[in-house]
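Step one of this worksheet: look at the structure below.
The values are calculated or read from the model by the stated rules, or taken from the named source; none is laboratory data. From a predicted model like this one, the values you see are computed outputs, not experimental measurements. With ideal geometry, Cβ positions are generated from the backbone for all residues, glycine too; neighbour counts draw on all protein chains shown. Side chains included, ligands, DNA and RNA excluded: accessible areas come from the protein's heavy atoms. Shrake-Rupley method; radii C 1.70, N 1.55, O 1.52, S 1.80 Å.
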Amino acid sequence: IQHAMALDCHIDQYFQQRQKTPNSRNRRARLVIGGGGFTGVELACEIVGYVKKLSRKYGFKANTVEIVIIDAVKQLLGLGERVSQIVHTRLKKLGINTILGAKIIKFNGKTLFLQHISNNSQIQKGIRSQPCEALATDILIWTGGIKANHLIQNFQQLHPSGALETQSTLEATYYPGVYAGGDNAAVIDPKTKK
């Protein structure tokens with residue numbers, strides 16, 4: 001809750017400051033979310049509404065704020081290409097841009113530096129994946145870096161992701177009576193074995 005309140009305050013103060021500075025009021029602002037998993041996507045969608053609220057409060061046009069999700073993998077949410085495409089389409093309708101296949105390697109407070117995983121600049125199925133070394137950024141919110149709790153490492157048999165392999169009930173496959181959820185669980189689909 002403290003982190004959410006601090007983020008709310010930071011974004012509000014940014015737009016309050018923009019209102020006081022005439023030259024920056026009409027300038028395009030960029031808010032970047034580092035991470036295209038569940039947290040990053042959900043946060044981006046919530047921020048769309050929050051930016052509209054702040055635009056009324058501080059008298060700027062909401063469409064002058066670009067919200068961008070950046071992720072090193074080429075699929076949103078990590079649930080396969082079909083789900084990623086559905087999510088991408090919904091994000092686009094909300095006005096949220098995505099840059100996939102790019103790692104954030106540095107942020108100096110004004111500029112975000114990206115390292116692209118491949119040099120492929122083609123647009124594939126509507127998902128933007130273009131080469132870019134530097135991106136002017138006003139606010140960066142980091143949501144990436146999923147990993148299991150360090151206590152999970154005490155178990156002998158782990159999924160390659162470092163999580164406990166579980167059944168659909170979230171009971172650990174190799175440890176009956178032990179249940180795992182969230183980043184601690186690798187839920188295996190019984191049909192696809194993925």
Q: Write down the accessible area per residue of the chain in Å², having rolled a 1.4 Å probe over the full set of protein chains.
A: 63 Å²
Q) How would you order 152-160, 90-98 from highest to lowest mean count of nearby Cβ atoms within 10 Å? A) 90-98, 152-160
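Work through the residues other than Asn184 whose Cβ is under 14 Å from its Cβ and net out their charges, Lys, Arg +1 and Asp, Glu -1. Mind dumping the intermediate values first?
Details: positive: Lys147; negative: Glu165, Glu171, Asp183.
So the environment of Asn184 carries a net charge of -2.
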Q: Multiply the residue gap between Asn149 and Thr169 by 0.36 nm, knock off their C-alpha separation, and tell me the result in nm, one decimal place.
A: 5.2 nm
Q) How many nm is it between the label spots at Tyr179 and Tyr58, if each spot is 7 Å from the Cα in line with the beta carbon? A) 4.4 nm
Q: Could you grab the relative contact order for the chain? Cα pairs under 8 Å, six or more apart, rounded to a whole percent.
A: 17 percent
Q | Unit charges on C-beta of K, R, D, E only; dipole of the chain, Debye | A | 1060 debye
Q: Specify the angular offset, from 0 to 90 degrees and rounded to the nearest 10, of the alpha carbon long axis of helix 38-58 from the longest principal axis of the alpha carbons in the chain.
A: 20 degrees
Q | Estimated translational D of region 7-87 in µm²/s (Stokes, Kirkwood radius over Cα pairs; 37 °C; 0.692 mPa s) | A | 238 µm²/s
